[in-house]
Amino acid sequence: MNTNSDSSGNRDLSHGPTADLSAGVAKGSVPAVTAADGVEEQQVTLRGPAQLADCLPYLMGFHPSDSVVLVALHGRRGRFGGRLRVGIPKSPQEWAPVAAHLAECLLANSERHGRRPDGVVVFLCQDPAEGESGRQVMERLRAFAQRLRTACGVLDVPVLEALCISDGRFWSYCCPDRRCCPPEGTGLALPGTSVMAAAAAYAGIQVRGTLREMEARFAPRTHVPEHLRTTVSALDDAGSAVMPRLLTRAGREQVGRETLALARTLLRRLGSAAPPRGSWQDADSADDALIDDAEAGAVLHGLQDRETRDRLAEWMEGPEAVPALRLWRLLARRCVGPYATYAAPPLTLAGWVAWSTGDEPEGRVALGLALEADRDYTFAQLLHQACNDGLDPEKLRACLRRERAGRAEGPVPHSLKGARSGPGGGGRRTSVASRASGPGRTSLANARRTLRAGSARTTTRPPGARTKDRQVAGARGRPARGTGAGRREVPHRPRRGTRSGR
């Protein structure tokens, strides 16, 4: 099979119903290597199941543990197209509907990019459970592989190869030749020794590790009960201090200012302390030690307000981006016990920063986790869909830069709010700031419209996803103004362990 670059999308339906779709890494294997003049391409030809199995981490940017991956093939030479990934359903009863949904998604995405697939390659990746062998995993998933082959066949797209990868070996569900695909499986190539590894190294592409390891950087630290109790207690105390003030506009604005100031302090603290060299576990542990639970709790509760979160989304590039990503990871790890759903804002911000700085694999992982924490979180939904559709993040960065510049011009006189420039008011508004309805106007109002417009062509939506913003329920049950964006962000009264809007 021949590999080279193309604009078709990757779809990553990671984390159950959550969908990820990103445009154009290489068609077939590793992204094509392009010369300085932008003309030359390096093409990598893969021959046989062994080279297909070895190419998978380079296609995805990480080792997709506990995943099913579908890759579209185009043309006589089988050039790689869009990729789609989803966690393997635990119940066999889900295999048939999931297989049908995945086949439809891959076909729809490919056709949306103007190329109907001529074939599909299926990968089933799962580590053995305790006491289970890789071959037993392969046999257990055989029925799922057959469901996928049938679902693609119904759409007149044949599955040309289906591989199971487990315990460092692979098996083919399609090849009956025991000489190349023995019943005991075939060992994977040693890392860095294959033609794919050589092409990826030449192209400067790195494999990030396993999906499980990437998710662990955002996972709460709950293995020490005493630490868990201390963190929950600190979040309770922060909620008691913050949440009642969010019920009024004046209080919400004051909390927003305090949250921004504290978050800026934490950002500088992280930026001045370089993480230790070594494993990511050591780096994350060092970050955790720099910020106590009380500080983390105050920022987490402040982040439940949409306007505050939107302002913090401006830390997306330059010297702010790296410490910001470390801060959002750290805050997500503090969302333990009854505060698990509080992780949606920091996970979404982490996904945005990662995507904005060019790290799409981590961006998709973080946004998928945000939608696991709260599948109705609109900002995460929109970013997730934009990443899926291959939208250029520069469009969003430009929106945020304009909003930041507009605020730097100072407050707009009341008499000019909503005024238009030019004779008769028929021109454009005087500035970005003049569109504000007062203090607290969200800095992502226009960015959200950009995201929706960029994603309007998408016809496939994950099951159960909603994109309509919800508003805060205020006194006497009336919607409060100036809030929303993906959740009801303030409860009627603070309660231990409740997420705003739950």
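List of remarks:
- Restricted to Cα atoms, the range 225-333 shows a radius of gyration and a Dmax of 14.3, 47 angstrom.
- Each Lys or Arg adds one and each Asp or Glu subtracts one; over the other residues with Cβ under 12 Å from the Cβ of Phe218, this totals +2.
- Once backbone amide H atoms are built at 1.01 Å from N, His63 has Arg208, Gly209, Thr210, Leu211 as its partners under 5 Å, excluding neighbours fewer than 5 places away on the same chain.
- Lys, Arg +1 and Asp, Glu -1 on Cβ, resulting dipole of the range 277-404 about Cα centre, debye, nearest 20: 200 debye
- Residue-by-residue Karplus 3J(HN,Hα) for the range 248-261, coefficients 6.51, -1.76, 1.60, Hz, glycine and proline x: 10, 5, 5, x, 5, 5, 5, 4, x, 5, 5, 5, 4, 5
- When +1 charges are put on Lys and Arg Cβ atoms and -1 charges on Asp and Glu Cβ atoms, the dipole computed for the range 360-402 relative to its Cα centre reaches about 280 debye.
- Average accessible surface for the range 59-117: 37 Å² per residue, computed with a 1.4 Å probe over protein heavy atoms with every protein chain in place.
- With the biggest extent put first, the Cα atoms of the range 71-158 measure 46, 26, 18 Å across the principal axes.
The values are calculated or read from the model by the stated rules, or taken from the named source; none is laboratory data. Because the structure is predicted, anything quoted here is derived from the model rather than measured. Every residue, glycine among them, receives a Cβ derived from its backbone with ideal geometry; neighbour counts consider all protein chains shown. Only protein heavy atoms, including side chains, enter the accessible area calculation; ligands, DNA and RNA are left aside. Shrake-Rupley method; radii C 1.70, N 1.55, O 1.52, S 1.80 Å.
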